[in-house]
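The values are calculated or read from the model by the stated rules, or taken from the named source; none is laboratory data. Quantities reported herein were computed from a predicted structural model and do not represent experimental measurements. As a convention, Cβ positions derive from the backbone with ideal geometry for all residues, glycine included, and neighbour counts pool all protein chains shown.
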Amino acid sequence: MKNNPITKFVCDQLSRWPLACENFRLLKSVQTRTMTVGGLEVTVQHNPARVVSSTAKTDAASLRQRKCFLCGENRPSEQILLPFEGRKGKKYDILVNPYPIFPEHLVIASATHEDQSIWKRFVDLLDLSAEYPEYTFFYNGPKCGASAPDHHHFQATLRDQMPLEADIDREMDRMAAKEGNAREIAEDTVFDYVTAVQDAKLYHYRRFVRGIFVIRSRTAKSAAKMFYRFLDTLPMNEGDKEPGFNCISYYRRGEYRTIIILRTSHRSHHYFSEGPDHLTMSPGCADMGGVLIASVRDDYDKLTPELLEEMLSEITYSKDMEEELLAKLSRKQPTLSVGIMSGKEIEFEIFSDGAGVRKAVLREGKIDYGGILYDELYFGGQTLSTQFAEPSFKLYGVTIGVDFHWERKEDQVFAGALKIIVDKGRLYAINIVGVEDYLLSVISSEMSADASEEFLKAHAVISRSWVMAQIASQTKCRSIDIPEGIYNLPALVTWLDTFKAGAGRTKVDSQVYEYVRWYDHQDHDLFDVCADDHCQRYQGLTRATGKKVGRAIDATWGKVLKYNGELCDARFSKCCGGRMERFGVCWEDRDMPYLQPLPDAPGHTEDGHCFCDTRDKKILSQVLNNYDQETVDFYRWTTVYTNEELSALIEKKSGIRLGYIKDIEALERGESGRIYKLRIVGSERTLIVGKELEIRRILSESHLKSSAFEAVVEDDRVIFNGAGWGHGVGLCQIGAAVMASEGYTYKEILAHYYPGAELQSNI
């Protein structure tokens, strides 16, 4: 252990600063007494010098009117500093606190004037505790005891000065000495195991006040991950930069230990009372650590265990809040497998081993990894709670927007496990991930993470319902029976040309071709769902952004739509165009009672204004991500081709040369106007196409916005006048966003788009 320079620094400081010297001298004679509160023996200290801190005004107006006493230019000339450098160049000044509570009471102030906030600074707190293990470091949140919330600072004192720290330390040492799994904590301890992130474990402490949690970890990296992910689960008031809490951190027995005391307010009603229950007490971390400061003699004399418990209970978590948080932290989620990408080789990186970029290559029908052939590769990394989802691996060159106009490649980061398999001459990268973690990405990818919370809640429910239905379903789609090796439409049509007839495929005669494909998301047999728009857009943690999304998942955790006790196949599209479509028009040839062709209008009136008929940029920006906004017309649109362009496009997509396009005729339409059987008459051949998705594919380089169109064939051009974007089945995303903006709740939105379906828990 390195020589500790702090003791010498404190002595030097007191020798040249009379005020600090006198207050440290008086500290030796302050009155103290002990009492038991919530099973913890605490110390009450009568310390008149602390009235400066207890009565400090911390509102914005008061802070603007005074000079910051932690800034170097405003400090007394007698005050000296001991420098400390944190991560990423952050600099701190270690200072003696001139109004001490503890022996060697220190302030560690940021060298720059920045607001009190622990974000991106917690690791510096850990580094301080490892650098100076004889000391305990602590932090007051900006509204939880910080007398200078406008200037970031930590505090420190010698180890074991706070009863809470000492009690937790003893119990932690007892627990650490026990053999076996961390979950199997003996009944005589005061901890409940909650969860873990890598080697960091989170415990709930059951003494003193509610809402005390402890993190222990052998690495600063894991401790920081746990700390920040824990804070992400906590409620936060509008306008605040962080949840309310105090924390105590120290280094002991080769591990970092951090105590977090959750707060609801800075001061109890006693501070503001003018009656006999008045207390001039503003509890900070020292108080919450079990050293309660009474700067006024009258307060010191009248304090009782009951009065202290009353005061502390007002500023900490209630029983209901604690139980809700514990339930959130300990809840589980089912898993699913998501097909991310395929190819002859796959580049990836596993973060936990630090080995950098690796490559899996197809060789001799197996996976060549590091020169050794495997049938399958598996790299674990699953997380149990969405709040603790963390990056596990990266995949390079993932294609997104397959067959759409925004198709592009991205490097993407994922939570959970990575499995690589080989099938039919290709390698497949599959992500094994929790359902709620999956939703974090889906909702952020399908729309803006800044969308209204009611809309996000509605989407969380339907996305969860859909994917759980896929997992639960044992049926496969009624697609045509395609021989092995036939994967695309041109090859398929060539194959069809050799057939007389068959289920889903027909060559009517030498001049007429019919191709009808029944698509469903259940086409996959190697994994539950794919990662692209053909299922739900999933891009791992690359798109998992925004606190609103996390709150939407929290609020609806495990909730799904059911009809007659069965999970709803809750489809959705960007814009229905004014009327939703029947399930069987676009998907399997069956009806779902909750997916019906109703008008997208209040009360489903035929003549009402449609929700999705909007050009409000604010609403559209909530629904659409940046590349989705490359499309500008949704409710009504027009696409124009020259006759030659369209003929060439159809030949490219189908492999059939039709010649000059003479006529385009809708043979079968759904109630929304979407065509699910289309005849295209050319000068050389005729092609009949179905269903909805295949029609959109064959008439566009990617996908025509929808099949709800009227086609006009003129001399040298073909005009498509259409409505909506997507299949129109189930929830209309733009319409739902409008509903949320008009004050509809997520439950009302779901009832509008899935009539008869019930919101239930699937846990």
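Observations
- Residue check for F230: closer than 16 Å to L329 by Cα and either touching a strand residue (DSSP E or B) at 6+ places or on another chain (Cβ under 9 Å) or among the acidic types (D, E) (or both): yes
- Only one entry in R331, R358 is surrounded by 13 or more Cβ atoms within 10 Å (Cβ to Cβ), touching a strand residue (DSSP E or B) at 6+ places or on another chain (Cβ under 7 Å) and among the charged types (D, E, K, R), namely R358.
- Exactly one residue among L128, L164, L231, L158 is under 26 Å from the mean Cα position of the chain (by Cα) and aliphatic (A, V, I, L, M), and that residue is L231.
- Any pair with Cβ under 6 angstrom, 6 or more apart, that starts in the range 433-459 at a residue that is aromatic (F, W, Y) and ends at one that is at pLDDT 85 or above and assigned to a helix (DSSP H, G or I): F455/A736; F455/A737; F455/A740
- Every residue from the range 205-247 that is among the polar types (S, T, N, Q) and either at pLDDT below 90 or in a strand (DSSP E or B) (or both): S217, T233, N237, N246
- For the range 45-58, taking the residues that are outside any helix (DSSP H, G or I) and out of contact with any strand residue (DSSP E or B) (no Cβ under 6 Å at 6 or more places or on another chain), the one that is surrounded by the fewest Cβ atoms within 10 Å (Cβ to Cβ) is identified as K57.
Listed here are the residues, each with its yes/no results for (1) surrounded by 20 or more Cβ atoms within 10 Å (Cβ to Cβ); (2) out of contact with any Leu (no Cβ under 9 Å at 6 or more places or on another chain).
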residue: L126; (1), (2): yes, yes
residue: S129; (1), (2): yes, yes
residue: K143; (1), (2): yes, yes
residue: A148; (1), (2): yes, no
residue: E165; (1), (2): yes, yes
residue: A176; (1), (2): no, yes
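- Screening L678, L693, L704 for residues that are at negative phi, of a type outside the set (D, E) and in a strand (DSSP E or B) leaves exactly one candidate, L678.
- Boolean, L202 is assigned by TED's automatic domain parsing to the domain that holds V96 and at pLDDT 90 or above: yes
- G603 being without any contact (Cβ under 8 Å) to a residue 24 or more places away in the chain and in a helix (DSSP H, G or I): yes
- Flag for I168 being modelled with pLDDT of 90 or more, of a type outside the set (S, T, N, Q) and not in a strand (DSSP E or B): yes
- Matching entry among A666, A648 (being small (G, A, S), modelled with pLDDT of 90 or more, surrounded by fewer than 20 Cβ atoms within 10 Å (Cβ to Cβ) and part of a helix (DSSP H, G or I)): A648
- Among the conditions (1) part of a loop (DSSP other than H, G, I, E, B); (2) surrounded by fewer than 15 Cβ atoms within 10 Å (Cβ to Cβ), the only one that E306 does not satisfy is (1).
- The C-beta contact set for the range 526-538 (first residue assigned by TED's automatic domain parsing to the domain that holds I443, second residue modelled with pLDDT of 85 or more and in a loop (DSSP other than H, G, I, E, B), distance under 9 angstrom, 6+ apart or interchain) comprises V529/Y538; C530/Y538; A531/Y538; D532/Y538; C535/D528.
- Members of the range 579-593 found to be assigned to a loop (DSSP other than H, G, I, E, B) and either free of Cβ contacts under 8 Å to residues at least 12 places away in the same chain or surrounded by fewer than 24 Cβ atoms within 10 Å (Cβ to Cβ) (or both), listed by number: R582, E588, D589, R590, D591, M592, P593
- Of everything listed in (1) closer than 18 Å to N246 by Cα; (2) outside the structural domain of S249 (by TED's automatic domain parsing), the single unmet condition for F122 is (2).
- Scanning the range 313-328 for residues that are surrounded by 16 or more Cβ atoms within 10 Å (Cβ to Cβ), touching a strand residue (DSSP E or B) at 6+ places or on another chain (Cβ under 7 Å) and aliphatic (A, V, I, L, M) gives a single hit, I315.
- Residue match in the range 258-277 (condition: closer than 22 Å to A555 by Cβ and either of a type in the set (D, E) or without any contact (Cβ under 8 Å) to a residue 12 or more places away in the chain (or both)): no
- Test: residue in the range 134-153 that is closer than 16 Å to P83 by Cα and out of contact with any strand residue (DSSP E or B) (no Cβ under 8 Å at 6 or more places or on another chain): no
- Once the range 334-355 is narrowed to residues that are closer than 22 Å to S222 by Cβ and modelled with pLDDT of 90 or more, the residue that is surrounded by the fewest Cβ atoms within 10 Å (Cβ to Cβ) is I350.
- Of all residues making up the range 200-258, the number that are among the charged types (D, E, K, R) and under 19 Å from V291 (Cβ atoms): 2
- Some residue of the range 373-385 being modelled with pLDDT under 85, within 22 Å of the chain's Cα centre (by Cα) and closer than 30 Å to S702 by Cα: no
- Residue in the range 577-585 that is assigned by TED's automatic domain parsing to the domain that holds C535, of a type in the set (F, W, Y) and at pLDDT 95 or above present: no
- Scan of the range 386-412 for residues that are within 25 Å of the chain's Cα centre (by Cα) and either modelled with pLDDT under 70 or aromatic (F, W, Y) (or both), ordered by number: T386, Q387, F388, F393, Y396, G401, V402, W406, E407
- If you check I698, I675 for being free of Cβ contacts under 8 Å to residues at least 40 places away in the same chain, closer than 20 Å to V585 by Cα and not assigned by TED's automatic domain parsing to the domain that holds D569, only one passes: I675.
- Residues being assigned to a loop (DSSP other than H, G, I, E, B) and modelled with pLDDT of 95 or more - total across the range 285-300: 2
- Residue in the range 59-72 that is modelled with pLDDT of 90 or more, in a helix (DSSP H, G or I) and loosely packed, with under 12 Cβ neighbours inside 10 Å present: no
- If you go through the range 668-694 and keep only what is closer than 14 Å to L649 by Cα and out of contact with any Lys or Arg (no Cβ under 8 Å at 6 or more places or on another chain), you end up with just I680.
- Number of residues in the range 741-763 that are within 22 Å of the chain's Cα centre (by Cα) and at pLDDT below 95: the value is 3.
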